[in-house]
């Protein structure tokens with residue numbers, strides 16, 4: 001195991017549940033024991049490549065296909081993600097809808113293909129993402145130009161490792177990563193990461209949250225910090241916008257962000 005693999009395993013929270021893989025029946029027993037209110041993640045160890053591909057990739061059983069979030073071939077470790085809650089699904093759908101709505105303003109030729117939840121295989125690792133976008137004119141690409149993921153409980157270290165994986169290991173195929181962090185105290189944090197000066201960097205963070213009055217009778221309000229949330233045109237379409245044209249960066253306005261917040265926490 002090289003230093004990178006050791007670091008990847010250390011990035012998981014120390015209290016994450018770990019179980020040696022003993023086959024599908026034993027996995028189902030563990031998986032079902034976490035339902036309905038268990039931790040978002042647990043780790044299966046000693047999952048060899050043949051078992052991973054047979055039991056979790058090349059299978060007709062949807063539960064196994066959807067259950068895993070990340071697989072490392074060298075450490076034989078498989079990160080399992082429990083079924084997303086309703087807030088997770090709402091965030092995926094709402095963010096996708098707002099991005100598509102914003103790109104429609106550019107015109108029909110700028111339409112996007114939405115990549116739903118899927119695995120991305122890069123550099124000896126398989127990682128599942130919640131979604132992504134690619135220009136319709138380049139829809140044969142095997143990976144999106146921009147990927148996004150929704151998280152309720154991931155540590156900052158684990159998120160950073162995913163950013164590094166997508167932006168550095170993809171050799172430029174993935175141009176930007178958007179993390180949507182849901183915090184249970186009625187807050188949504190959007191972060192956009194891309195390559196700056198040769199290294200991954202968070203280029204924007206936008207916070208949407210519910211603010212309560214000092215008295216119980218005071219109405220609550222939705223506050224947005226650092227709007228609009230921007231996806232650069234060149235990251236999405238892989239070229240700079242033409243001068244004197246309708247081409248521009250994709251802006252999620254304050255109104256769009258407020259609508260997204262309401263969709264998630266309704």
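Computed values, structure above
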quantity	calculated
Angle in degrees between helix 156-169 and the longest Cα principal axis of the chain, rounded to the nearest 10	80
In degrees, nearest ten, helix 24-33 long axis to first principal axis of the chain (Cα)	60
Under the Debye formula (equal points on every Cα, no solvent term), log10 I(q)/I(0) of the chain at q = 0.16 Å⁻¹	-1.29
Burial ordering of 101, 82, 260, fewest other beta-carbon atoms within 10 Å first	101, 82, 260
Distance between modelled label sites at residue 186 and residue 263, nm, 7 Å Cα→Cβ extension	2.1
Centroid-to-centroid separation of the range 168-194 and the range 92-116 [C-alpha atoms, Å]	17
Size-normalised alpha-carbon gyration radius of the range 18-81, reference 2.2 N^0.38 Å	1.01
Gain upon complete extension [residue 195, residue 37; 0.36 nm per residue less C-alpha separation]	53.2 nm
Value of [θ]222 nm, deg cm²/dmol, for the chain, DSSP H segments ≥ 4, -39500 (n - 2.57) each, nearest 500	-8500 deg cm²/dmol
Spacing of the two label points (7 Å from each Cα toward its C-beta) at residue 251 and residue 63, in nm	4.8
C-alpha long axis of helix 86-104 to longest principal axis of the chain, angle in °	40
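Just so you know, all these numbers are worked out from the coordinates, no wet-lab data involved. In this text, all values refer to a predicted model and were calculated from it rather than measured experimentally. Cβ: placed from backbone, ideal geometry, glycine included. Neighbour counts: every protein chain shown.
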